[in-house]
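The values are calculated or read from the model by the stated rules, or taken from the named source; none is laboratory data. Predicted model only: the values in this text are computed from it and were never measured. A quick note on method: Cβ atoms are made from the backbone with ideal geometry, for glycine too, and the neighbour counts reach across all protein chains shown.
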Ligand code: DGL
């Protein structure tokens, strides 16, 4: 890793859309002195139902964009990209890269009392087996159940957190876990933490209240802190509002972004073009 990285530079946070703001919020809470630049590829979301090759191609263009903005570290907040493209991203980067799969697996093993672990994720994340591998690397032979839940992304974006349709869909997806020894469930997608209450209620009824629900956000923020320390890249402050860049202005972008961010008001969002890498206007 070159020694030319600037500790005052921003941390780049990348997601296929707005869901990664759940990870950005955890970063802002854990590392309040750091500058964040968030890129949501809203023009091409969802990634979770695309082929792995397309996910890699999209990820490399986003990484180029953030690198051109002078980032000192790249956080891949998207589970789908972390599952399929983390190797390619790390290869091409001159900055440290932190994904969400390893931290999520670590959080699950910390919460588990030795039972089975279930992973709820996009179809492409499930196909990659990345969570299963990350868990078994740390706990060989552990039973890991993976369930693709593609309908949960649009339901979360629609704000249907506690809606009969969401409850029905969650029950359908979780039904295969009824006769398992699952004691921990990973919410392995940026959007699922918003549906936590509905998932919790379904899990309580289906398996029991002893089952822990974990997501990657806090564990990822901790990993970023360790990585900054390792490379001597901590920023001294003062705090600066995050910069949010989107490749398209989806309907109700500000409202949906506020849901995922969950904290104080977000600054205006920039509309950017990954082709010419220029900032065009503000939403
Ligand atoms: N950000 C994606 C993930 O965490 C979910 C949305 C999508 O499918 O692009 O896997």
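Give just the number: which of (1) in contact with a strand residue (DSSP E or B) (Cβ under 6 Å, 6 or more places away or on another chain); (2) in a helix (DSSP H, G or I); (3) touching a residue at least 40 places away in the same chain (Cβ under 8 Å) does residue 89 not satisfy?
Tallying (1) in contact with a strand residue (DSSP E or B) (Cβ under 6 Å, 6 or more places away or on another chain); (2) in a helix (DSSP H, G or I); (3) touching a residue at least 40 places away in the same chain (Cβ under 8 Å), residue 89 fails exactly one: (3).
Tell me, yes or no, whether segment 111-128 has at least one residue that is in a loop (DSSP other than H, G, I, E, B) and crowded, with 24+ Cβ neighbours inside 10 Å.
For segment 111-128, residues in a loop (DSSP other than H, G, I, E, B) and crowded, with 24+ Cβ neighbours inside 10 Å: present.
Check 5, 39, 27, 18 and return the single one that is under 18 Å from residue 234 (Cα atoms), in contact (Cβ under 8 Å) with a residue 40 or more places away in the chain and outside any helix (DSSP H, G or I).
The match here is 5.
Looking at residue 198 and the list (1) within 16 Å of the ligand (Cβ to nearest atom); (2) in contact with a helix residue (DSSP H, G or I) (Cβ under 6 Å, 6 or more places away or on another chain), which single condition is not satisfied?
(1)
Residue 260 fails exactly one of the following numbered conditions: (1) over 19 Å from the mean Cα position of the chain (by Cα); (2) surrounded by 13 or more Cβ atoms within 10 Å (Cβ to Cβ). What is the number of that condition?
So residue 260 meets the others, but not (1).
State all residues of segment 129-150 that are outside any helix (DSSP H, G or I) and closer than 14 Å to residue 79 by Cβ; if no residue qualifies, say none.
Passing the criteria: 129, 146, 147, 148, 149, 150.
Matching residues to (1) away from the ligand (no atom under 16 Å from the Cβ); (2) modelled with pLDDT of 95 or more; (3) within 23 Å of residue 158 (Cβ to Cβ):
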| residue | (1), (2), (3) |
| --- | --- |
| 62 | no, yes, no |
| 71 | yes, yes, no |
| 88 | yes, no, no |
| 93 | yes, no, no |
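Of the residues in segment 163-195, how many are out of contact with any helix residue (DSSP H, G or I) (no Cβ under 6 Å at 6 or more places or on another chain) and farther than 22 Å from residue 220 by Cα?
14
Of the residues that sit in segment 151-189 and are in contact with a strand residue (DSSP E or B) (Cβ under 6 Å, 6 or more places away or on another chain) and part of a loop (DSSP other than H, G, I, E, B), which one is nearest to the ligand (Cβ to nearest atom)?
Restricting to residues being in contact with a strand residue (DSSP E or B) (Cβ under 6 Å, 6 or more places away or on another chain) and part of a loop (DSSP other than H, G, I, E, B), the top hit is 189.
Answer yes if at least one residue in segment 103-110 is closer than 25 Å to residue 256 by Cα and within 13 Å of the ligand (Cβ to nearest atom), and no otherwise.
The answer is yes, given that some residue of segment 103-110 is closer than 25 Å to residue 256 by Cα and within 13 Å of the ligand (Cβ to nearest atom).
So which residues in segment 129-141 are buried (at least 17 other Cβ atoms within 10 Å of the Cβ) and touching a strand residue (DSSP E or B) at 6+ places or on another chain (Cβ under 8 Å)?
131, 132, 135
(1) crowded, with 19+ Cβ neighbours inside 10 Å; (2) within 21 Å of residue 129 (Cβ to Cβ); (3) out of contact with any helix residue (DSSP H, G or I) (no Cβ under 7 Å at 6 or more places or on another chain): which one isn't true of residue 72, the others all being true?
So residue 72 meets the others, but not (2).
Would you check if residue 223 is modelled with pLDDT of 95 or more, more than 16 Å from the ligand (Cβ to nearest atom) and either over 21 Å from the mean Cα position of the chain (by Cα) or over 27 Å from residue 253 (Cβ atoms) (or both)?
yes
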